[in-house]
Amino acid sequence: MEYYLRCIDCGKKYEREDIYTCECGGLLEVAIDFDSVEIDFKFDGNELRVWKYRCLLPVKREPVSLKEGGTPLYHATKLAEELGCKVYVKHEGANPSGSFKDRGMTVGVTKAIELGRNAVACASTGNTSASMAMYAAKAGLKAYVLLPAGKVALGKVAQALMHGAKVIGIRGNFDEALALVRKISEEEGFYLLNSVNPFRLEGQKTIAYEIVDEIGTPDRVVLPVGNAGNISAIYKGFKELKELGLIDSIPKMSGVQAEGANPIYKAVMECREDIDPVLKPETVATAIRIGQPVNAKKALRAIYESNGTAVQVSDEEIIRAQKDLAAKEGIGVEPASAASVAGLRKLVAEGVVERDETVVCITTGHLLKDPEAVIRACGQPIEVDASLEAIRAVL
Ligand SMILES: Cc1ncc(COP(=O)(O)O)c(C=O)c1O
Ligand SMILES: N[C@@H](CCOP(=O)(O)O)C(=O)O
């Protein structure tokens, strides 16, 4: 498969692969030469995993893989009953490190090795660091992580530490950490694995491929938006399938943000092509506590070109959706992931989603990522004396 990097703003093409942005400052995307592609997979719902679609992934060597992808797509019957549309939940929390980031990291870390790098780096609200540390460990690379100190869920910090990353908390927010890691990576020659890296997003586009593989093209995909890489990647995946003649339509890409971290939502409401940063983002969904999404332009194009939309939800709505997914559908997700269902509820209430639509909500991370949020939402377990009487009294 032939491909090159192309600037989404000025269109400049690059054969070299060791860059993240264009000379003009624009974001880069991997442009595939479709005439050179030989499709060697079937959409038959079988053997789902990222590397099933290798003929559409821009790597040349054997991938660094931990068997990512192939995540369950649940028919959420109780939510469907409540909302009056057909609802599926694609649970990305079932990936090896517990989030969708693994799809990106398997490609990104493979590219790091192709480019001869021995160290990778990222800024993170948690999941990117957990995933990068895991894949760096598998590949034998050094891993450096910058986190907003005290603002990352404990499960994610634990993963990054245990997989051997050097974890540095900064007294600042995620957006500041990202600006710093971009500079330090350039100075030190670290391979940057945030979603500004176009190769990482290539792995994440396989979410679209897997959805089509299992149920065909849905009418709408609803997902949480933070740094805005995932919505851009999934849209790219659907768009490629359409350009290859493998599907006829593209789902309406619908992004959900927390009220306290909502730059994409605000831009969509004002029909703008770029954002005004939110300088002090705040939400219980720490994974999407991001005020200046690096992929804003790509995400806004994905939303407009697919006739999608954006919606904002409150922290209370997020926690209610998290509890409902867990208690009514048996799907355990972290708060940011539940934003997808909270957002779908709002879109149905506002009449944006039509009753006969087939909707896929992406739940991006596992419940166990953020145990402290669970205790805040559900309280501590009851403690009683070790006797049957005491137990019966609280049943
Ligand atoms: C669990 C979870 N959900 C959603 C997001 C948002 O994804 P994106 O940054 O690609 O918009 C992130 C991280 O960014 C995340 O960790
Ligand atoms: N939620 C993210 C934030 C960083 O996003 P990225 O996609 O640019 O790596 C995280 O898990 O750190």
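Here are the numbers for this structure:
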{"item": "Residue, nearest to ligand 1 (Cβ to nearest atom), within region 108-126, restricted to residues that are of a type in the set (S, T, N, Q) and either open to solvent by 10 Å² or more (accessible area, probe 1.4 Å) or over 26 Å from Glu334 (Cβ atoms) (or both)", "result": "Thr125"}
{"item": "Residue within region 279-294 that is more than 14 Å from ligand 1 (Cβ to nearest atom), open to solvent by 50 Å² or more (accessible area, probe 1.4 Å) and more than 21 Å from Glu334 (Cβ to Cβ) present", "result": "yes"}
{"item": "Residue check for Arg220: open to solvent by less than 10 Å² (accessible area, probe 1.4 Å), within 13 Å of ligand 2 (Cβ to nearest atom), among the charged types (D, E, K, R) and touching a residue at least 24 places away in the same chain (Cβ under 8 Å)", "result": "no"}
{"item": "Selected residue (criterion: farthest from Ile207 (Cα to Cα)) from residues of region 342-395 that are part of a loop (DSSP other than H, G, I, E, B) and of a type in the set (D, E, K, R)", "result": "Asp385"}
{"item": "Residue satisfying condition, being of a type in the set (S, T, N, Q), out of contact with any strand residue (DSSP E or B) (no Cβ under 7 Å at 6 or more places or on another chain) and either in contact (Cβ under 8 Å) with a residue 40 or more places away in the chain or assigned to a strand (DSSP E or B) (or both), within set Gln292, Gln312, Gln257, Gln322", "result": "Gln292"}
{"item": "Any hit, region 3-23, residues being under 21 Å from Asn127 (Cβ atoms) and open to solvent by less than 30 Å² (accessible area, probe 1.4 Å)", "result": "no"}
{"item": "Strands (runs of 3 or more DSSP E) lying entirely in region 47-144 (those with 3 or more residues that are within 16 Å of ligand 2 (Cβ to nearest atom))", "result": "119-123"}
{"item": "Test result for Val268, more than 19 Å from the chain's Cα centre (by Cα) and closer than 22 Å to Gly237 by Cα", "result": "yes"}
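The values are calculated or read from the model by the stated rules, or taken from the named source; none is laboratory data. The model shown is predicted, which means the values in this text are computed figures rather than measured ones. All Cβ positions, even for glycine, are placed from backbone atoms using ideal geometry, and neighbour counts span all protein chains on display. Surface areas here come from the heavy atoms of the whole protein model, side chains and all, with no ligands, DNA or RNA. Shrake-Rupley method; radii C 1.70, N 1.55, O 1.52, S 1.80 Å.
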